[in-house]
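Here's the structure, in C-alpha coordinates; my notes come after.
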Amino acid sequence: MSEFVGARSPISSALKQEELFPIREVSRLTGVNPVTLRAWERRYGLIQPTRTDSGHRLYSQADIDAVRSILAWIERGVAVSKVGSILAKSVASRSVATPAYNEVSSDDWSQWQEQLRRALENFDEPRLDRLYGQIFSCYPLAVVFQDILMPLWQELLLRQDDVGQRGEWLLLDGFLRGRCWQRLQLGRDESRDRILLASLPGQCRELELLVAALLLSNQDSDVTLMGPGVPLKDLALICERMQPQALVLFSNQPPGEDFPRQLSRLALALECPLLLAGDSSDLAEESLAGSPIACLGNEGRVMQRRLQQFLAGHLDT
(Lines give C-alpha, C1' and ligand atoms only; values in the text may rest on other atoms or scores of the structure.)
Protein backbone atom coordinates (compact mmCIF):
# COMPACT_ATOMS: atom_id res chain seq x y z
CA MET A 1 0.00 0.00 0.00
CA SER A 2 2.92 2.34 0.68
CA GLU A 3 3.89 2.42 -3.01
CA PHE A 4 0.48 3.82 -3.94
CA VAL A 5 0.46 6.41 -1.16
CA GLY A 6 3.95 7.57 -2.04
CA ALA A 7 3.02 8.02 -5.71
CA ARG A 8 -0.34 9.56 -4.98
CA SER A 9 0.67 13.22 -4.61
CA PRO A 10 2.26 13.79 -8.06
CA ILE A 11 -0.52 11.87 -9.79
CA SER A 12 -3.21 13.76 -7.90
CA SER A 13 -1.56 17.07 -8.79
CA ALA A 14 -1.41 16.10 -12.44
CA LEU A 15 -5.08 15.18 -12.42
CA LYS A 16 -6.02 18.53 -10.90
CA GLN A 17 -3.88 20.41 -13.42
CA GLU A 18 -5.26 18.44 -16.38
CA GLU A 19 -8.82 17.98 -15.23
CA LEU A 20 -10.19 19.18 -18.58
CA PHE A 21 -8.71 18.33 -21.96
CA PRO A 22 -8.98 20.15 -25.32
CA ILE A 23 -10.44 18.25 -28.26
CA ARG A 24 -7.05 17.70 -29.92
CA GLU A 25 -5.77 15.93 -26.79
CA VAL A 26 -8.88 13.76 -26.56
CA SER A 27 -8.36 12.85 -30.21
CA ARG A 28 -4.76 11.87 -29.48
CA LEU A 29 -5.70 9.79 -26.43
CA THR A 30 -8.58 7.92 -28.07
CA GLY A 31 -7.72 7.86 -31.76
CA VAL A 32 -11.07 9.46 -32.66
CA ASN A 33 -10.75 12.47 -34.92
CA PRO A 34 -12.27 15.81 -33.81
CA VAL A 35 -14.91 15.76 -36.58
CA THR A 36 -16.26 12.46 -35.25
CA LEU A 37 -16.17 13.67 -31.64
CA ARG A 38 -18.24 16.72 -32.58
CA ALA A 39 -20.68 14.53 -34.54
CA TRP A 40 -21.18 12.21 -31.56
CA GLU A 41 -22.01 15.26 -29.48
CA ARG A 42 -24.30 17.07 -31.93
CA ARG A 43 -26.16 14.19 -33.57
CA TYR A 44 -26.40 11.65 -30.77
CA GLY A 45 -25.65 13.46 -27.50
CA LEU A 46 -23.19 10.72 -26.53
CA ILE A 47 -20.74 13.12 -24.90
CA GLN A 48 -21.36 16.55 -23.44
CA PRO A 49 -18.09 18.50 -23.05
CA THR A 50 -18.04 21.82 -21.25
CA ARG A 51 -17.39 25.04 -23.18
CA THR A 52 -15.05 27.94 -22.52
CA ASP A 53 -16.29 31.52 -22.82
CA SER A 54 -14.89 31.53 -26.35
CA GLY A 55 -16.78 28.33 -27.24
CA HIS A 56 -13.91 25.82 -27.19
CA ARG A 57 -14.78 22.28 -26.04
CA LEU A 58 -13.13 20.88 -22.91
CA TYR A 59 -13.47 17.19 -21.99
CA SER A 60 -13.28 15.57 -18.56
CA GLN A 61 -11.75 12.17 -17.82
CA ALA A 62 -15.31 10.83 -17.67
CA ASP A 63 -15.87 12.10 -21.22
CA ILE A 64 -12.72 10.31 -22.38
CA ASP A 65 -13.88 7.10 -20.70
CA ALA A 66 -17.24 7.51 -22.47
CA VAL A 67 -15.47 7.86 -25.83
CA ARG A 68 -13.59 4.62 -25.19
CA SER A 69 -16.84 2.87 -24.25
CA ILE A 70 -18.44 4.10 -27.47
CA LEU A 71 -15.49 2.74 -29.46
CA ALA A 72 -15.80 -0.63 -27.73
CA TRP A 73 -19.50 -0.90 -28.62
CA ILE A 74 -18.91 0.12 -32.23
CA GLU A 75 -16.16 -2.50 -32.49
CA ARG A 76 -18.72 -5.10 -31.40
CA GLY A 77 -21.01 -4.11 -34.26
CA VAL A 78 -23.48 -1.83 -32.46
CA ALA A 79 -24.64 1.15 -34.54
CA VAL A 80 -23.53 4.48 -33.06
CA SER A 81 -27.17 5.62 -32.99
CA LYS A 82 -27.96 2.83 -30.49
CA VAL A 83 -24.96 3.28 -28.21
CA GLY A 84 -26.53 6.07 -26.13
CA SER A 85 -29.32 3.92 -24.70
CA ILE A 86 -26.86 1.12 -23.91
CA LEU A 87 -24.52 3.45 -22.05
CA ALA A 88 -27.42 4.95 -20.10
CA LYS A 89 -28.56 1.50 -18.99
CA SER A 90 -25.01 0.57 -17.97
CA VAL A 91 -24.63 3.73 -15.87
CA ALA A 92 -28.00 3.10 -14.20
CA SER A 93 -27.13 -0.49 -13.30
CA ARG A 94 -23.77 0.56 -11.85
CA SER A 95 -25.31 3.27 -9.69
CA VAL A 96 -27.83 0.78 -8.26
CA ALA A 97 -25.24 -1.95 -7.75
CA THR A 98 -22.51 0.10 -6.09
CA PRO A 99 -23.95 2.90 -3.96
CA ALA A 100 -20.84 2.81 -1.75
CA TYR A 101 -18.55 3.55 -4.69
CA ASN A 102 -19.59 6.92 -6.03
CA GLU A 103 -17.88 9.13 -8.59
CA VAL A 104 -15.27 10.29 -6.08
CA SER A 105 -13.74 6.80 -6.25
CA SER A 106 -13.05 7.15 -9.98
CA ASP A 107 -10.13 9.49 -9.21
CA ASP A 108 -8.47 6.73 -7.21
CA TRP A 109 -9.18 4.21 -9.97
CA SER A 110 -7.57 6.51 -12.55
CA GLN A 111 -4.47 6.79 -10.39
CA TRP A 112 -4.15 3.02 -10.14
CA GLN A 113 -4.60 2.74 -13.90
CA GLU A 114 -1.87 5.31 -14.48
CA GLN A 115 0.54 3.30 -12.35
CA LEU A 116 -0.41 0.13 -14.22
CA ARG A 117 0.23 1.89 -17.55
CA ARG A 118 3.72 2.84 -16.40
CA ALA A 119 4.48 -0.75 -15.41
CA LEU A 120 3.22 -2.00 -18.78
CA GLU A 121 5.16 0.64 -20.72
CA ASN A 122 8.34 -0.66 -19.06
CA PHE A 123 7.23 -4.31 -19.37
CA ASP A 124 7.82 -4.53 -15.63
CA GLU A 125 5.86 -7.64 -14.62
CA PRO A 126 7.11 -7.71 -10.98
CA ARG A 127 5.79 -4.18 -10.49
CA LEU A 128 2.56 -5.15 -12.26
CA ASP A 129 2.18 -8.03 -9.80
CA ARG A 130 2.78 -5.73 -6.81
CA LEU A 131 0.21 -3.22 -8.03
CA TYR A 132 -2.29 -6.02 -8.61
CA GLY A 133 -1.93 -7.14 -4.99
CA GLN A 134 -2.16 -3.57 -3.67
CA ILE A 135 -5.34 -2.86 -5.62
CA PHE A 136 -6.95 -6.01 -4.22
CA SER A 137 -6.06 -4.86 -0.71
CA CYS A 138 -8.12 -1.69 -1.29
CA TYR A 139 -11.22 -2.82 -3.20
CA PRO A 140 -13.55 -5.81 -3.60
CA LEU A 141 -13.12 -8.11 -6.57
CA ALA A 142 -15.93 -6.58 -8.65
CA VAL A 143 -14.44 -3.08 -8.40
CA VAL A 144 -10.92 -4.33 -9.15
CA PHE A 145 -11.92 -5.97 -12.41
CA GLN A 146 -14.88 -3.94 -13.66
CA ASP A 147 -13.72 -0.46 -12.71
CA ILE A 148 -9.92 -0.64 -12.79
CA LEU A 149 -8.40 -3.57 -14.68
CA MET A 150 -10.84 -4.34 -17.49
CA PRO A 151 -11.30 -0.71 -18.64
CA LEU A 152 -7.49 -0.47 -19.00
CA TRP A 153 -7.41 -3.84 -20.81
CA GLN A 154 -10.15 -2.63 -23.17
CA GLU A 155 -8.31 0.65 -23.79
CA LEU A 156 -5.13 -1.17 -24.78
CA LEU A 157 -7.09 -3.66 -26.89
CA LEU A 158 -8.60 -0.85 -28.93
CA ARG A 159 -5.18 0.70 -29.47
CA GLN A 160 -3.12 -2.45 -30.03
CA ASP A 161 -2.53 -1.57 -33.71
CA ASP A 162 -0.61 1.54 -32.61
CA VAL A 163 3.19 1.26 -32.50
CA GLY A 164 4.31 -0.39 -29.27
CA GLN A 165 0.79 -0.97 -27.94
CA ARG A 166 0.25 -4.63 -28.82
CA GLY A 167 3.07 -5.84 -26.59
CA GLU A 168 1.62 -3.95 -23.63
CA TRP A 169 -1.84 -5.42 -24.22
CA LEU A 170 -0.42 -8.95 -24.57
CA LEU A 171 1.48 -8.57 -21.30
CA LEU A 172 -1.63 -7.38 -19.42
CA ASP A 173 -3.88 -9.98 -21.05
CA GLY A 174 -1.59 -12.87 -20.23
CA PHE A 175 -0.95 -11.62 -16.71
CA LEU A 176 -4.66 -11.24 -15.91
CA ARG A 177 -5.62 -14.57 -17.45
CA GLY A 178 -3.09 -16.31 -15.26
CA ARG A 179 -4.29 -14.55 -12.11
CA CYS A 180 -7.95 -15.27 -12.91
CA TRP A 181 -7.32 -18.99 -13.40
CA GLN A 182 -5.41 -19.02 -10.12
CA ARG A 183 -8.29 -17.36 -8.24
CA LEU A 184 -10.83 -19.73 -9.77
CA GLN A 185 -8.81 -22.80 -8.77
CA LEU A 186 -8.20 -21.55 -5.22
CA GLY A 187 -11.91 -20.83 -4.80
CA ARG A 188 -13.08 -24.33 -5.70
CA ASP A 189 -15.46 -26.00 -3.25
CA GLU A 190 -17.08 -29.29 -4.28
CA SER A 191 -19.76 -28.95 -1.61
CA ARG A 192 -21.36 -25.95 -3.36
CA ASP A 193 -23.88 -25.97 -6.19
CA ARG A 194 -22.24 -26.00 -9.60
CA ILE A 195 -22.96 -23.45 -12.33
CA LEU A 196 -21.66 -24.10 -15.83
CA LEU A 197 -20.41 -21.01 -17.68
CA ALA A 198 -19.75 -21.10 -21.42
CA SER A 199 -19.41 -18.50 -24.15
CA LEU A 200 -21.19 -18.29 -27.45
CA PRO A 201 -18.57 -19.23 -30.07
CA GLY A 202 -16.46 -16.26 -31.16
CA GLN A 203 -18.40 -13.75 -29.04
CA CYS A 204 -15.93 -12.91 -26.28
CA ARG A 205 -12.26 -13.21 -25.40
CA GLU A 206 -10.95 -15.68 -22.85
CA LEU A 207 -10.19 -13.03 -20.24
CA GLU A 208 -13.74 -11.63 -20.42
CA LEU A 209 -15.08 -15.14 -19.78
CA LEU A 210 -12.67 -15.72 -16.89
CA VAL A 211 -13.66 -12.44 -15.24
CA ALA A 212 -17.33 -13.35 -15.66
CA ALA A 213 -16.66 -16.64 -13.87
CA LEU A 214 -15.06 -14.80 -10.95
CA LEU A 215 -17.89 -12.28 -10.74
CA LEU A 216 -20.57 -14.98 -10.79
CA SER A 217 -18.94 -17.11 -8.09
CA ASN A 218 -20.28 -16.76 -4.54
CA GLN A 219 -20.47 -18.60 -1.25
CA ASP A 220 -23.35 -20.78 -2.49
CA SER A 221 -22.33 -21.52 -6.10
CA ASP A 222 -19.14 -22.79 -7.73
CA VAL A 223 -18.65 -21.80 -11.38
CA THR A 224 -17.23 -24.39 -13.78
CA LEU A 225 -15.82 -22.73 -16.88
CA MET A 226 -15.84 -24.10 -20.41
CA GLY A 227 -13.23 -22.26 -22.46
CA PRO A 228 -14.22 -20.30 -25.58
CA GLY A 229 -15.04 -22.32 -28.69
CA VAL A 230 -17.46 -24.97 -27.38
CA PRO A 231 -20.13 -25.49 -30.09
CA LEU A 232 -23.63 -24.58 -29.02
CA LYS A 233 -24.93 -28.00 -30.06
CA ASP A 234 -22.55 -29.75 -27.63
CA LEU A 235 -23.75 -27.93 -24.53
CA ALA A 236 -26.86 -30.08 -24.00
CA LEU A 237 -24.71 -33.22 -23.85
CA ILE A 238 -22.18 -31.55 -21.55
CA CYS A 239 -24.96 -30.46 -19.19
CA GLU A 240 -26.49 -33.94 -19.23
CA ARG A 241 -23.21 -35.39 -17.98
CA MET A 242 -22.23 -32.60 -15.58
CA GLN A 243 -25.75 -31.94 -14.25
CA PRO A 244 -25.12 -28.31 -13.24
CA GLN A 245 -27.72 -26.30 -11.40
CA ALA A 246 -27.82 -23.88 -14.35
CA LEU A 247 -26.06 -23.08 -17.62
CA VAL A 248 -24.97 -19.47 -18.09
CA LEU A 249 -24.08 -18.40 -21.63
CA PHE A 250 -21.82 -15.38 -21.94
CA SER A 251 -21.55 -13.07 -24.95
CA ASN A 252 -20.25 -9.56 -25.55
CA GLN A 253 -21.43 -9.30 -29.16
CA PRO A 254 -24.70 -7.82 -30.48
CA PRO A 255 -27.27 -10.61 -30.96
CA GLY A 256 -28.33 -11.48 -34.51
CA GLU A 257 -31.89 -11.92 -35.72
CA ASP A 258 -31.85 -15.68 -35.11
CA PHE A 259 -30.38 -15.31 -31.63
CA PRO A 260 -33.64 -15.75 -29.62
CA ARG A 261 -34.57 -18.84 -31.64
CA GLN A 262 -31.12 -20.38 -31.14
CA LEU A 263 -31.31 -19.93 -27.39
CA SER A 264 -34.89 -21.18 -27.22
CA ARG A 265 -33.90 -24.37 -29.07
CA LEU A 266 -31.01 -24.88 -26.67
CA ALA A 267 -33.23 -24.26 -23.64
CA LEU A 268 -35.64 -26.97 -24.83
CA ALA A 269 -32.76 -29.47 -25.04
CA LEU A 270 -31.51 -28.77 -21.52
CA GLU A 271 -32.58 -30.33 -18.25
CA CYS A 272 -31.30 -27.28 -16.33
CA PRO A 273 -32.23 -23.58 -16.60
CA LEU A 274 -30.51 -21.42 -19.24
CA LEU A 275 -29.33 -17.90 -18.43
CA LEU A 276 -27.63 -15.23 -20.52
CA ALA A 277 -24.92 -12.84 -19.29
CA GLY A 278 -22.66 -10.20 -20.79
CA ASP A 279 -23.37 -7.32 -23.13
CA SER A 280 -25.68 -9.49 -25.25
CA SER A 281 -27.87 -9.96 -22.21
CA ASP A 282 -28.87 -6.30 -22.11
CA LEU A 283 -29.21 -6.08 -25.89
CA ALA A 284 -31.40 -9.21 -26.13
CA GLU A 285 -33.50 -8.64 -23.01
CA GLU A 286 -36.58 -7.38 -24.86
CA SER A 287 -36.51 -10.15 -27.49
CA LEU A 288 -36.24 -12.81 -24.74
CA ALA A 289 -39.02 -11.38 -22.56
CA GLY A 290 -41.52 -14.10 -21.68
CA SER A 291 -39.12 -16.91 -22.63
CA PRO A 292 -37.66 -19.34 -20.06
CA ILE A 293 -34.25 -17.70 -20.53
CA ALA A 294 -33.20 -15.29 -17.76
CA CYS A 295 -31.01 -12.26 -18.53
CA LEU A 296 -28.36 -11.51 -15.91
CA GLY A 297 -27.03 -8.26 -17.42
CA ASN A 298 -23.45 -7.20 -18.10
CA GLU A 299 -22.46 -5.60 -14.78
CA GLY A 300 -20.71 -7.97 -12.41
CA ARG A 301 -22.49 -7.11 -9.18
CA VAL A 302 -25.87 -7.17 -10.91
CA MET A 303 -25.07 -10.50 -12.59
CA GLN A 304 -24.29 -12.20 -9.30
CA ARG A 305 -27.36 -10.79 -7.55
CA ARG A 306 -29.69 -11.83 -10.38
CA LEU A 307 -28.14 -15.30 -10.51
CA GLN A 308 -28.78 -15.80 -6.80
CA GLN A 309 -32.33 -14.47 -7.16
CA PHE A 310 -33.00 -16.80 -10.08
CA LEU A 311 -31.68 -19.88 -8.31
CA ALA A 312 -33.81 -18.97 -5.28
CA GLY A 313 -36.89 -18.66 -7.52
CA HIS A 314 -37.26 -14.89 -7.09
CA LEU A 315 -36.28 -13.65 -10.59
CA ASP A 316 -38.84 -13.68 -13.39
CA THR A 317 -37.72 -14.46 -16.96
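The values are calculated or read from the model by the stated rules, or taken from the named source; none is laboratory data. Predicted model, so just to flag it, every value in this text is computed and none were measured. Note that each Cβ is placed from the backbone with ideal geometry, even for glycine, and that neighbours are counted across all protein chains shown.
Observations
- If you go through segment 32-78 and keep only what is assigned to a loop (DSSP other than H, G, I, E, B) and modelled with pLDDT of 85 or more, you end up with V32, N33, G45, L46, I47, Q48, P49, T52, H56, S60.
- Residue, surrounded by the most Cβ atoms within 10 Å (Cβ to Cβ), within segment 249-275, restricted to residues that are assigned to a strand (DSSP E or B) and out of contact with any Gly (no Cβ under 9 Å at 6 or more places or on another chain): L275
- Number of residues in segment 138-149 that are surrounded by fewer than 17 Cβ atoms within 10 Å (Cβ to Cβ) and either of a type in the set (V, I, T) or part of a helix (DSSP H, G or I) (or both) equals 2.
- Of the residues making up segment 220-241, those that are loosely packed, with under 15 Cβ neighbours inside 10 Å and either acidic (D, E) or within 11 Å of R194 (Cα to Cα) (or both) are D220, D234, E240.
Conditions tested, residue by residue: (1) assigned by TED's automatic domain parsing to the domain that holds D282; (2) modelled with pLDDT under 90; (3) assigned to a helix (DSSP H, G or I).
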residue	(1), (2), (3)
G84	no, yes, yes
N102	no, yes, no
D107	no, yes, yes
S110	no, yes, yes
L128	no, no, yes
F136	no, no, yes
E155	no, yes, yes
